[in-house]
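Derivation of every value follows stated rules applied to the coordinates shown; laboratory data play no part. None of these values were measured; they are calculated from a predicted model. Using ideal geometry, Cβ is built from the backbone for each residue, glycine included, and neighbour counts are taken over all protein chains shown.
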Amino acid sequence: MEGFDGARALAEYGSQKEHPDNIISSVTPEFELRGAKLSSLTQAIAYAEIKKVKGPPARKATDNMIKQVQASIKQNFNRIPLPADIWKSVRHKDFTRQVRNFLWKSLQNAHRIGNFWTHIPECEDRAICQFCGVTEDLEHILLKCERPGQHQIWNLAKELWLKKHDRWPDLSLGAILGCGLASISNERGKKLPGASRLFRIILSKSLFTIWKIRNDCVIGNSGTPPSLKMIHNKWLFTMNRCLELDRTMASRQRQGTLAYIKPLLVLQTWVSTLKDEDKLPDNWLRVPRVLVGVEPHQPSATPPRRRGRNR
């Protein structure tokens with residue numbers, strides 16, 4: 001072609017010259033543009049670029065929480081997640097919005113508990129656990145407090161989990177906050193999506209139930225703890241509600257406007273944990289009443305009171 005031949009001829013001519021030409025590499029100022037064009041700049045673009053320049057502020061409390069989660073995941077699942085993976089797990093689709101908010105605040109150490117109140121005049125007493133008499137923090141509330149609630153709920157969670165899997169992990173604050181990273185495998189190393197999903201549901205619902213019971217005691221009922229029967233049945237109601245919601249979403253037709261879960265995933269999630277499971281059909285999603293295999297709390301039997309003759 002004419003243009004190609006001309007370019008090749010000029011290239012050959014230039015390669016044969018003994019002294020190369022001086023090439024002006026400077027740019028005319030009117031063509032050297034820097035920065036952003038105001039006519040096409042949006043607030044989102046400007047905010048994103050500012051964040052790249054400044055970077056997120058470092059928080060010692062948040063870094064400590066991230067390290068605790070990494071250590072717990074390493075201990076229970078033999079892998080160390082990146083901080084980005086930990087923040088992503090907080091928004092897991094198996095979590096409700098309330099649980100997501102709770103986990104995010106927990107990693108940021110942003111709950112109004114413990115040392116938060118020590119710097120506020122006339123509120124210093126709120127930093128102390130009303131039941132144990134020690135400074136309250138998230139680990140104390142979820143794992144160490146002697147107030148009725150956390151110990152009973154974790155025993156119920158363990159009882160339900162052992163129906164499906166033979167190992168209950170070592171509970172710590174990092175393991176609880178990192179439950180969205182759970183990855184359960186069998187003896188051959190094959191991942192079990194149903195078991196991993198059930199683990200996330202059990203831990204997230206249990207921790208948030210403990211948190212709500214604590215708030216009801218501190219804020220709503222002047223420190224009076226609920227009975228063991230109420231705690232037991234409250235947790236059981238929460239788990240049965242999760243099961244019923246899964247069954248409903250898996251039974252409906254898949255549509256873009258409705259929440260939907262694959263039926264196979266629901267069956268894999270709850271298998272071996274249901275009440276009277278041997279009497280249920282293989283596909284029990286259409287059965288109207290399905291319950292988890294934990295019995296409700298029954299009050300202890302008391303002998304009948306004797307009636308007098310003159311009453």
- line: Under 5 Å from the placed amide H of LEU274, counting only residues 5+ away or on other chains, we find GLY293
- request: Please give the peptides 101-110, 188-197 ranked by average Cβ packing (other Cβ atoms within 10 Å per residue), highest first, as a rough proxy for protection.
  value: 101-110, 188-197
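Run the numbers for THR42 and ILE23: contour at 0.36 nm per residue of separation, minus the present Cα-Cα distance, in nm.
Length difference between fully extended and current span is 3.0 nm.
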query: How big is D, in µm² s⁻¹, for the chain by Stokes-Einstein at 20 °C and 1.002 mPa s if Rh is the Kirkwood radius over C-alpha pairs?
result: 87
field: the stretch 43-158: radius of gyration and largest Cα-Cα distance (Dmax), Å
entry: 17.5, 51
message: Are there DSSP H segments in the chain that both extend 30 Å or more along their axis (alpha-carbon positions) and score a mean Kyte-Doolittle hydropathy of at least 0.0? List them, or say none.
response: 193-215
- prompt: What is the calculated FRET efficiency for SER251 to ASP282, with r their C-beta to C-beta distance and R₀ = 25 Å, to the nearest 0.05?
  reply: 0.95
task: For the chain, just give the cysteines left without a disulfide-compatible partner, judged by no other Cys Cβ under 4.7 Å.
output: CYS123, CYS145, CYS179, CYS217, CYS242
- request: Give me the Kirkwood hydrodynamic radius of the stretch 60-227, using the inverse of the mean 1/r over all pairs of distinct Cα atoms, in Å to one decimal.
  value: 16.8
message: Report, in listed order, any pair from LYS234/LYS275; LYS88/LYS164; LYS54/LYS205; LYS190/LYS229; LYS88/LYS275; LYS144/LYS262 with a Cα-Cα distance greater than 29 Å.
response: LYS54/LYS205; LYS190/LYS229; LYS88/LYS275; LYS144/LYS262
- prompt: Taking the Cβ of VAL134 as the center, what net charge do the other residues with Cβ under 15 Å away carry, scoring Lys and Arg +1 and Asp and Glu -1?
  reply: -2
- line: Once Lys and Arg are counted +1 and Asp and Glu -1 for all other residues with Cβ under 11 Å from that of VAL90, the total becomes +3
- line: Between SER185 and residues 5 or more places away or on another chain, the pairs with built amide H atoms under 5 Å apart involve LEU192
query: Between ALA259 and ASN64, what is the spin-label point distance in nm, taking each point 7 Å from the Cα along the Cα→C-beta axis?
result: 3.5
task: Kindly state, to the nearest 0.05, the FRET efficiency for PHE4 paired with ARG34, given R0 = 45 Å and r defined as their beta-carbon distance.
output: 0.80
query: Hey, can you rank 81-92, 144-155 by average C-beta count inside 10 Å, highest first?
result: 144-155, 81-92
